[in-house]
Amino acid sequence: MPEAKQAIGLFDSGIGGLTVANAILKQLPNESLIYFGDTAHLPYGDKSPDTIRYFTKTIGAFLLSKECKMIVIACNTASSVAYEMLENMAGDKAYVFNVIDPVVEEIINKKYKKVGVIGTLGTINSNVYQAKIKEKDSSIDVRQLATPLLVPMIESGFVDGQISHLVIEEYLNAPELQDIDTLILACTHYPLIKKEIETFYAEKNKKVSVLATNEIVAIHIKKFMIEHGLINYEKKGKNAFYVSDYTESFEKTTQLFYKESVDLIHLPLFK
Ligand code: DGL
C-alpha cells in the first residue's frame, strides 16, 4: 500500500501541468514531486485517444517504477481518455487522480446550473465533462467549446496583452458560452489566463465564476491525503522534473508555469 514517505508523481504532455505541481506544493509544501512532461509528444490536445493511452501507459510505468504513492494526471486531455486505464494499471501500488472529477464535484457542491467548458479538441471531443456532470445532475446545462489557439498562445508567452485579449474575447463571445454562471478552464495551461478571463466578464458586468482546475485538484488531493494518512510533515526529498525531449526553450517556458526556476532532466523514455 502507498505510504506517506513516497513521492507524488505527476505528468502532462509538456510543461502546462506545472500549474498543478505549483498548486499541490502550495497546499502540501513538504511533498516531493516527480514530474514528467512528455515534451516529445506535445500537444496531446489533437492526438487520438489510443495514442494518448499509449503515452500514458509508458509514463505511468515510469512513475510506478519510481515508487510514487500517487500519480496525478496533470492534463485534462489525458485525464479525459486515459484515467481508467492508468487506474487499472496502478492497482494497489499507487492512487491515481485525474483533474476532472474534483471539478465536477465542485460544480455539484456549489450548485452551479449553467456551466461552460473550454479545453483542447481532445478534451471537448471526449465529452467527458458533460457526461460526468450530467451523470450527477441531469438538470445542469453544460456548454462546451474547443479553444485550440489558447495553448500555443500561452506557451508563446501571450497571456496578458493585446493578442491574448483578442483571442480570449473571440472565444468567450461564442454562442456556446452565452448565459453561463460558471466557466471551467479545462486545460492545465489556462490558469495563466484566468485573470484575463475574469476581467473580460467583469468588464461586461457578467457574474461568471471562473474555475481553475489546478487549485481545485490540489485541495481535493490534500483532503484525500489527510483522510488516508499520506501527508509528509517534514520535507525529505527533492522535486525532480523530467522531460522526454529537451530544448532550452522548454526550460525557459517552465518559468511561465512554475514560480521557481526548474532544472529539466532529459529522459528519452520512448526510445
Ligand atoms: N495540458 C494539456 C491539457 O490540460 C493541454 C496541452 C496539450 O494539448 O498537450 O489538456
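No lab work stands behind these numbers, since they all come straight from the coordinates. Note that the structure is predicted; figures quoted are calculated from it, not measured. For neighbour counting, all protein chains shown are included, and Cβ atoms are generated from backbone atoms with ideal geometry for every residue, glycine included.
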TODO: Considering only Leu166, Leu150, Leu63, give the residue with the highest GNM mean-square fluctuation for the chain, with springs between Cα atoms whenever their separation is below 10 Å.
DONE: Leu166
Open item on the list: Just to be sure I understand the model, the point goes 7 Å from the Cα along the line to the Cβ. What's the resulting Ser139 to Ile231 distance in nm?
Closed with: 3.6 nm
Task: Between 0 and 90°, nearest 10: helix 213-227 axis offset from the chain longest Cα axis - done: 50 degrees
Open item on the list: Between Lys111 and Lys57, what is 0.36 nm times their sequence separation minus the Cα-Cα distance? Round to one decimal in nm.
Closed with: 15.9 nm
Task: With 10 Å bins from 0: P(r) over the chain, alpha-carbon pairs, percent - done: 7, 31, 37, 20, 4, 0
Task: Fewest-first sequence of Phe158, Phe11, Phe270 by Cβ atoms within 10 Å of each Cβ - done: Phe270, Phe158, Phe11
TODO: Work out how much length Ser249 to Ser156 would gain on full extension: take 0.36 nm times their residue separation and subtract the Cα-Cα distance, in nm to one decimal.
DONE: 32.5 nm
Open item on the list: Can you give me the convex hull volume of the Cα atoms of the stretch 1-128, divided per residue and expressed in Å³?
Closed with: 111 Å³
- [ ] With θ set to phi - 60°, apply the Karplus curve 6.51 cos²θ - 1.76 cosθ + 1.60 along the stretch 119-136 and write out the HN-Hα couplings as whole Hz, x wherever there is a Gly or Pro.
- [x] x, 6, 4, x, 5, 5, 5, 6, 6, 5, 5, 4, 5, 6, 5, 5, 4, 8
TODO: Calculate, in nm to one decimal, what Asn127 and Lys207 gain on full extension: separation in residues at 0.36 nm each, minus their alpha carbon distance.
DONE: 26.3 nm
Task: For Val210, residues with placed amide H under 5 Å, excluding near neighbours - done: Leu183
TODO: Consider a paramagnetic label point 7 Å from the Cα of Ile219 along Cα→Cβ; state which residues of the stretch 85-125 have an amide N under 17 Å from it.
DONE: 99-113
Task: For Arg143, distant residues with modelled amide H under 5 Å away - done: Val115, Gly116, Val117
Task: Theoretical ellipticity at 222 nm over the chain - DSSP helices of four or more residues, -39500 (n - 2.57) apiece, nearest 500 - done: -13000 deg cm²/dmol
Open item on the list: Can you list residues from other chains, or at least 5 along the same chain, whose modelled amide H is less than 5 Å from the amide H of Val72?
Closed with: Gly9, Leu10, Phe11, Phe97
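Calculate the dipole size of the stretch 119-228 relative to its Cα centre from +1 charges on Lys and Arg beta carbons and -1 charges on Asp and Glu beta carbons; express the result in debye to the nearest 20.
300 debye
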Task: For the stretch 252-260, Karplus couplings with θ = phi - 60° (6.51, -1.76, 1.60), whole Hz, Gly/Pro x - done: 5, 5, 4, 5, 5, 9, 10, 5, 8
Open item on the list: From the phi angles alone, apply the Karplus equation (6.51, -1.76, 1.60; θ = phi - 60°) to the stretch 231-242 and give each ³J(HN,Hα) in whole Hz, x where the residue is Gly or Pro.
Closed with: 7, 8, 9, 9, 6, 10, x, 9, 8, 10, 10, 9
